[in-house]
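Heads up, the thing below is written out as structure tokens.
What follows draws every value from the coordinates through simple rules; no lab data is involved. These figures come from a predicted structure and were not determined experimentally. Note that each Cβ is placed from the backbone with ideal geometry, even for glycine, and that neighbours are counted across all protein chains shown.
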Amino acid sequence: MTLVARTRRLDRDVDLLAVAGSDGVLFERGRSGLAGRGVAARIPWTAGDPAAAARGAAAALAALEVDDEVGLPGCGPVAFGALPFVPGAATELLVPEVVVGRAEDGTRWLTTIGPAGDPAGPGGPGGSTGPGASTDDVLAGLLAGDPAAVGSRRRPHVIWSPPGSSPQGFTVEATMAPEDWCALVERATKMLAGQAAGALSKVVLAREVVVGTDRPLDRSAVLQRLRSAYPGCHLLSVDGLVGASPELLVSRSGDTVRSHPLAGTAPRGGDPASDQRLAASLLASTKDREEHQITIDMVHDTLVGWCSYLDYEAEPSILAVANVQHLATLVEGRLSRPAPSVLELVAALHPTPAVAGWPRDPAVDWIVAHEGFDRGRYAGTVGWADGAGNGTWAVAVRCAEIAGSSARVIAGNGIVADSDPIAELAETQAKLQALLSAIVRP
């Protein structure tokens, strides 16, 4: 069956979180982003070679027919995905039946995907949205939870929850006791101290916490709290993975490529003076600056082969979120022609040293062998790609896997030979709080 993606301008404003609801997909930062409902197609991300998987997925997305009257990145067919931490693991990208987008300049659009011979969507002669349905008709059906607005395959969605339906009882349990995790960090530091020059110099170790509730969790309510608490982050929801990631892995818009790696973390102090003091200490930290530079160099060296021009900021800046602050450096350049799809860039960059370690492959192997649990999509990457190869992907940190009445929350730190286990434990506690405070809310 041939599918056609039809994109039309949307004249009314729209809340992308309301469009996504609890069971849709969302990728938003500030006032721009994309939200979708339903499933028009699933594109496999095959196991094995990540570069080959990316090329195959990009080709499948580009093969969909397009009827686009707006012509911006994110128009036409769009696939959303959340790739696992371990490179080469199999997964799939999801192409929604309906996508609503909003660009930074305020332009808004609506895309529907349906069979070529039975157009369903704005201006179509018939189909699931009715004869001559307008963009407003389709959007109104989405926000009302009308399954006819996105095809018969999805359930009605209720955005408003009645009083008493939210969880009131919570359990929070770490899957590894804090003292055992500190012992793991100490084991890693001894291993790293014994490495020869040029061998493994850093591993990122994570802690897992499982939250149980007495009623199912509403993902849209968690996302609303994250949006309020972390307005500068990438708000995301893909197949049960929700979060507010501060870190841009890579974006492509036309021939412009960007990455904004973060590495090196300090707590917030609670007032401007202490925040400034802690930020100055972070900028002056040899350990954190070296860790940060490793990630910048990896991103730069990976992207430069695709670029006619690529550079990064001479000095890192401080990126502060509600509970912690990070060293951050913008990497930006121009892609040579023919430009690769953003999916190819994702496959080459993921995972960065900020979430795996350095060198990357032996660091991933050590994590898998010693960390004690499967990260799944934590420290993977989540984002979207369109049929023209544009897209934006964030590092999957500050995220939680939510399924029914349970949530899985993970946070990690970069460990080097002189890391202090107690200090690393405290840093994970600060990072875990970002999601726990949005979930554990009676």
- Item | Residues whose placed amide H lies under 5 Å from that of Val324, excluding near-sequence neighbours | Arg268
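Quick check on the chain: helices-only [θ] at 222 nm, where DSSP H runs of length 4 and up contribute -39,500 (n - 2.57) each and the sum goes over total residues. Nearest 500, please. Intermediate values should be presented prior to the final figure.
On the way: 10 runs with 123 residues, N = 442.
Computed ellipticity for the chain at 222 nm equals -8500 deg cm²/dmol.
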- Query: According to the square roots a ≥ b ≥ c of the eigenvalues of the Cα gyration tensor, what is the shape class of the stretch 170-439, taking rounded for a/c under 1.5, prolate for a/b larger than b/c otherwise, and oblate for the remainder?
  - Reply: rounded
- Which cross-chain or sequence-distant (5 or more) residues have an amide H under 5 Å from the amide H of Asp68, H modelled 1.01 Å from N in plane? Thr7
- Note on the structure: Expected sort for Thr302, Thr381 with the fewest Cβ neighbours (10 Å cutoff) up front is Thr302, Thr381
- Step through the residues of the stretch 100-111 one at a time and calculate ³J(HN,Hα) from phi using the Karplus curve (6.51 cos²θ - 1.76 cosθ + 1.60, θ = phi - 60°), rounding each to whole Hz and writing x for Gly and Pro. 10, x, 9, 8, 5, 7, x, 4, 10, 8, 9, 10
- Item | Residue-wise HN-Hα coupling along the stretch 222-235, computed from phi with Karplus coefficients 6.51, -1.76, 1.60 (Hz; x: Gly, Pro) | 4, 5, 4, 5, 5, 4, 5, 7, 10, x, x, 9, 7, 7
- Item | Antiparallel bridge percentage (DSSP; both residues within the chain; nearest 5) | 95 percent
- Message: About the Cα centre, and with charges only on the beta carbon of Lys, Arg (+1) and Asp, Glu (-1), how big is the dipole of the chain? Nearest 20 debye, please.
- Response: 600 debye
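How high is the relative contact order of the chain, given as a whole-number percent (alpha carbon pairs under 8 Å, six or more residues apart)?
21 percent
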- Exposure proxy check on Arg6, Arg55: fewest-to-most Cβ neighbours within 10 Å is Arg55, Arg6
- Task: List, in order, the whole-Hz ³J(HN,Hα) value for each residue of the stretch 390-397 obtained from phi through the Karplus relation with A = 6.51, B = -1.76, C = 1.60 and θ = phi - 60°; use x for Gly and Pro.
- Result: 6, x, 9, 10, 9, 6, 7, 10
- Around Cys307, which amide H atoms from residues at least 5 apart in sequence, or from another chain, sit under 5 Å from its own amide H, with H modelled in the peptide plane? Ser336
- Using mean Cβ contacts within 10 Å as the protection proxy, how do 14-20, 329-335 order, highest first? 14-20, 329-335
- Using Cα centres only, tell me the gap between the stretch 235-309 and the stretch 339-374 in whole Å. 15 Å
